[in-house]
Structure formats: structure tokens, C-alpha cells
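Okay, so here's the structure we're looking at.
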Amino acid sequence: MRSPAPLYWFLVVAIWCSDIEGTEWKSPRSLDPLDRGLVVRPAGGDKVVLSWRLLDSDPANVAFYVYSKTGSFAAARMHATPISKTTDFVATVPDTPAGATYFVRGVLDGKEMPPSIEVPGPPADDDRPYISIRLAGNSTFQKIGIADLDGDRRLDYVIKQPNTNVDPYIHYWKPSEGTYKLEAYSHEGEFLWRYDLGWAIECGIWYSPYVVYDFDGDGCAEVAVKTGDQDPRDANGRVQTGPEYLTILDGQTGKQIAQTDWIGRDAFPGEHGYNYASRNQLGVAYLDGKRPSIIVARGTYGVMKAVAYNLEGGQLRQVWAWENSSQDRRSWGQGAHWMHCADIDNDCRDEVLLGSIVLDDDGTALWSTGLGHPDHFYLADIDPERPGLEIYYGIETRQKERNGMCLVDAASGKILWGHEGATRHVHGSGLCGDIDPEHPGSECYSADSDSAKQFAWARLRNCHGTVICEENLGGFSPRSVYWDADLQRELLIGSRITKYRGGEIPTRIEGSLVAVADILGDWREEMITSMPGELRIYLSTIPATDRRVCLMQDPIYRTDVIHAAMGYYQNPMLSYDPASTSP
């Protein structure tokens, strides 16, 4: 077991950063503060399961009491001994027609802490394995941003609807049938506001990136989104002219609070210019180690540009700008369908990972593998037996000899191992995560395509690069989720949750999977799906066997969840390996 816990090391690094003489970053990054995230769900019969967060600010010896309250009666403690092993509790529902509410209190050295928010138990006839939020209309949604919009330390939701997609590639493109709308909902499901992106933004993922986070440090999240103006569509329905903006919306009202020009189209001429210029992304990086910056990116397959901004005093201030047009060919066409931002070189400042190329915190190129465009790439402590972080790549660009699937040292870009042999078109989001307890660290899965871009073959490797399986584990893009009580992720294949080389878990999900994230209760993850007119949050009610700090308080995981509102979806990863780390 690797010990102590990763948050200890994060605090050590933060203290070291705060003591660097002569620098401008005098305090560590501050992730958004969270409450206990208490949730109560039916567990069959007269039982309910309560689950809540362990926070990174909690002392190691904190324990918890669970209380119930019915009607006008005083709150009653539901057990005699404080709960210290887990952060969940199975309770018998009080026999009262008025129902019950519940809250938890931390207890430290016999002294109780302030109570959490009171949460009602589910209605007697509610046996659903999910929480339902009714939407303001019958639409489906494509993306979700998860952040605290109003400063109450509870997570709220900003969705992009409808769930439709236009790809800019000439053989896939089609005219948009309508416009995208951003819609905000409170933690409890109250509709807050709607923002219509209009006809200047075509209905595709690459035209419409947005991220939701507290950019100015006031405790309430804002929405950063690509916008346009008027209706600049040409006769065919494409948007190739007209102004483009980075716009900041107030998270509570949806009103514009700041705006600046987006990266221009001018560097993307020629036959493929429209396709290449239409590839836009947004990200969040702590470039100075303490405040979040907004990263705007344009271009994937040739020319690539990125600009960093800070939101200060209601204005967007440019921090730096980068482009590859004057750099060598190893910098061209290295973009991905996702962006990672993390401190990969231990200087307490985030780097920006655009794909097979990485920018340092000052906006200069740090390294490039030169392998070309990855269809997926995952950043985490994939191999816990070596220091630092690693990146797993599935390279879409044809590789003639090797490395179409490979593991790279995040700090240097050095390839640690790679697939030996040619690859045609490694496709989809692949998979990276600890799904097999027989091997340390995370397993890495990718699938290659045939000449018709259909599934050809796949490889599942352990973190050292050894092939452990050649089965089709769900096509090009299987998903995974921390769902049961062990430290491995389960596979989500279609509507089924299964253990790798194990049995199926009874819970089935309905709807289109939009995100997997630890947004409620203890450290196990929730699955967010889209149904017509409904947002569903599926939760595990399997009793826990240990407790872990809320995953959303890990910097890599939190940033991955932020970035899930743009680009092709990938499961969020962690800066540590849970199975080899003491809780």
C-alpha cells in the first residue's frame, strides 16, 4: 500500500509553493468548497441509505452521527456509536405519516460539529435508483456543467440542449435544425435561466464549447461559452463569417458579464479550412498556482492556437497566446478531442495538454510526441509504481510501426511503452481505469478500425504495457464507474453495470449517458443520463466498506469534470491510485 494519502502530498506541495521566495503565487489553488452532499435513497422495504462526503478539510479522526427528525419532534440520534469507518448508514424509516428529514454531524474528540443541511427521505412509494430533475420542456440534453452557481456549497447544473450533433467534416456535416440552449437548474431541480446560443453557433459539439466554474473567486460559478451574433449562416447553412466571442455569463442569472473576441478563423484557409476552424475547445487551468484561468483553443488537425484569460473585475484579461504556425512540424496536427490541465512537472502551476502537445504554464510549448492526433488521452497516476503522472494515448493518426496505443511520462513526454505494430485508425474514447484487481494501477483499452471505420480489434493492457485481454469490451468507447464497495471501477456497457470478468450488478440505467462524477454522497460515483424532459442522477446504494475524500476535491478529477461540458466525453481520472493508497 502506498501511504500516506494523496491529499497529504498535495498539501505538502501547496505549502512548498506558498514558500517560494520572489514569486507572485503566495497561496495554493482553492478548489470550490463543498458541503456534506448528504443524500437519502430507498434501500428496500422500510430501509433507506444515507451517504455523505468526507472532505479534504476533515481531520483524520473525524466521525459522524446521523440524526432524523419527524414533524415537530426534536431531532433524534439514530445510533449510539459514532460512524468512523465509512460515510454511509442504513436506517429504518420512522413509522410516521409525516415522513422524516435527516442530517449528519461530524464529531471530533467527543465534540459535535455544526449539522449538515437537512435532507428529506424519499416518498414511501419511491423505489427508483435515481434522482429525477424535471426539465423546463421535453428536450434531451447533450452536455452538463456541474458547479456551485449560488455559493451555498451545493452543486448545481447547467445543461446544453438538445442532444443533437453536427460534425464539421465535409462528409458528415448537415444543416442545424435548431439552436442550442444553455439551461441552469439548482441543486434541488429549480429551473433558473435559459440562454439561447442562436444561429451563429451550429448544433455540434465543436462549435459550442462551454465550461462552468468560479473564475473570479466570489464563491459562485460563472459560465464561459463560445457565442456569436445575429444569423450569419450562408446559403447552405454553414457559419463561416461573422463575429465570434468568448462570453462569460453570470451563473445565477445567465446574464452576460464579460466578453472578448474568440480566436479568429483567418489562419484556417483552403478546402479544409471550415472543418479545421470549426474545432473549438475551452478549459480551466491554474496557470499561476492559485487562480483559475480560462483556456480558449482552436484547431486540431493542422494549425492550432490557444489563448489564456483571467476574469478580473468583470473584465477578461489576456495572460498569454500561443500558436504552432511558426513551429516545427512536430507541433502541427497534435490536437485531441479533449483538453487536460494539470500540474505535470511539479512546479505548482498547471500545464495545458492539448493532445500530443503540451503547453507550459507560460504558454510556450513544453513537449510534443509528434505522433499526431489522439482520439483519446487520459492523464492520471496510471502506474503507481513509478513517480509522477502518466498519459495514455489512443492515436487516431495512422502509425506504420508502433505506438498507436502508448503510455507517456507526463512531465517529459517520453514514451514508456507502446503497441508494437501498425494501427489504422484508433477510434473513440477508449478506456483507462483500474478495472482488474489482479494488476496494479489502471488498465488501458483502445480499439482499432477497419477500412470502413468499423471495429477491427482491441487490446487491454495493464499499466506496464502487458496485454491482458484482446476481447471487445464494449466497442470503441466503453465507460466505467466507481459503483460498488471495492476500489476498482465497474464497466458500463449499454444499460448494464458489470464487473470486469465478474457478474452483472442489478441496477440498469435508462437514457443517454452524459457524465460520470462524484457529485453526491460518499466517494462512489453517480451517473447522469438524459431522458426526454428529464435529468436523472443514478446513485449506488451498496453499503461501503471504507471511506475516501470526495473525488471532486482531487484537482485532476475536478478539472476533468469541468471539461466534460465540451469535447468528446471521457471518464474523469485521479492524481492518485485509490487501490494502492491508504484512505
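The values are calculated or read from the model by the stated rules, or taken from the named source; none is laboratory data. Please read all numbers here as calculations on a predicted model, not as lab measurements. Cβ coordinates were reconstructed from backbone atoms using ideal geometry, including for glycine residues, and neighbour counts include every protein chain displayed. With ligands, DNA and RNA removed, areas are computed over all heavy atoms of the protein, side chains included. Shrake-Rupley method; radii C 1.70, N 1.55, O 1.52, S 1.80 Å.
Over the range 191-252, Cα pairs under 8 Å with separation of 6+ residues give a relative contact order of 34 percent. Can you tally the net charge around VAL296? Count Lys and Arg as +1, Asp and Glu as -1, for every other residue whose Cβ sits under 9 Å from the Cβ of VAL296. Value of the local net charge: +3. Percent of Cα pairs in the chain per distance bin of 10 Å, from zero to the largest separation: 3, 17, 28, 28, 16, 6, 1, 0.
So what is Rg over Rh here for the range 382-429, counting just Cα atoms and using Kirkwood for Rh? Checking Rg against Rh, the ratio lands at 1.01. In terms of overall dimensions, the range 80-190 has a Cα radius of gyration and Dmax of 21.0, 67 angstrom.
Accessible surface calculations at 1.4 Å, restricted to protein heavy atoms, place the range 153-224 at 37 Å² per residue. With the convex hull constructed from alpha-carbon coordinates only, the range 91-155 shows a mean projected area of 8.0 nm² over all directions. Cα gyration tensor of the range 208-346, axes a ≥ b ≥ c as square roots of the eigenvalues: rounded (a/c below 1.5), prolate (a/b > b/c) or oblate? Since a/c reaches 1.5 but b/c is at least a/b, the shape of the range 208-346 is classed as oblate.
Counting only protein heavy atoms, what percent of the accessible surface of the range 229-332 is carbon or sulfur at a 1.4 Å probe? Working shown, then result.
Values: 1970 of 4610 Å².
Of all accessible area on the range 229-332, carbon and sulfur atoms account for 43 percent.
Debye sum, Cα scatterers, the range 448-583, no solvent: what log₁₀ I/I(0) at q = 0.16, 0.17, 0.19 1/Å? Rounded to two decimals, the profile gives -0.96, -1.08, -1.33. For the range 311-322, the Karplus equation 6.51 cos²θ - 1.76 cosθ + 1.60, evaluated at θ = phi - 60°, returns couplings of 8, 9, x, x, 10, 8, 10, 5, 9, 7, 9, 9 Hz by residue, with Gly and Pro reported as x.
On the protein heavy atoms, probe 1.4 angstrom, tell me the percent of accessible surface of the range 430-583 carried by carbon and sulfur.
In the range 430-583, the share of accessible area belonging to carbon and sulfur is 49 percent.
Take every pair of alpha-carbon atoms less than 8 Å apart whose residues are at least six positions apart; their mean separation over the length of the range 107-206 yields a relative contact order of 21 percent.
What does the charge count near GLU438 come to, summing +1 for each Lys or Arg and -1 for each Asp or Glu among other residues with Cβ under 14 Å from its Cβ? Overall, the nearby charge balance is -1. In this simple spin-label model, placing a label point 7 Å from the Cα along the Cα-to-Cβ direction at both SER582 and ARG194 gives a separation of 5.4 nm. In this structure the range 329-374 gives 25 Å² per residue of accessible area when probed at 1.4 Å with all protein chains present.
Computed over protein heavy atoms with a 1.4 Å probe, the accessible surface of the range 456-505 works out to 37 Å² per residue.
Shown for the range 121-251 is the translational diffusion coefficient from the Stokes-Einstein equation, using the Kirkwood radius over Cα pairs, a temperature of 4 °C and a viscosity of 1.567 mPa s: 80 µm²/s. Semi-axes of the equivalent ellipsoid for the range 337-399, computed as √(5λ) from the eigenvalues of its C-alpha gyration tensor and ordered from largest down, come to 19, 16, 9 Å. Local charge for PHE377 was computed over the other residues whose Cβ lies under 13 Å away, with Lys and Arg +1 and Asp and Glu -1, and equals -4. Its alpha carbons considered, the range 292-371 gives a radius of gyration followed by a Dmax of 12.5, 41 Å. Rounded to the nearest 20 debye, the dipole size of the chain about its Cα centre is 800 debye, using +1 on the Cβ of Lys and Arg and -1 on the Cβ of Asp and Glu.
Counting only residues at least eight positions apart within a chain, or on another chain, the lysines with an alpha carbon under 17 Å from that of LYS290 are LYS26. Counting only protein heavy atoms and a 1.4 Å probe, tell me what percentage of the range 72-225's accessible area is made up of carbon and sulfur. Its accessible area is 51 percent carbon and sulfur atoms.
Our helix-only sum for the chain, with -39,500 (n - 2.57) per DSSP H run of n ≥ 4 divided by its residues, gives a mean residue ellipticity at 222 nm of -1500 deg cm²/dmol. Under the criterion of Cα pairs below 8 Å and six or more residues apart, the relative contact order for the chain equals 14 percent.
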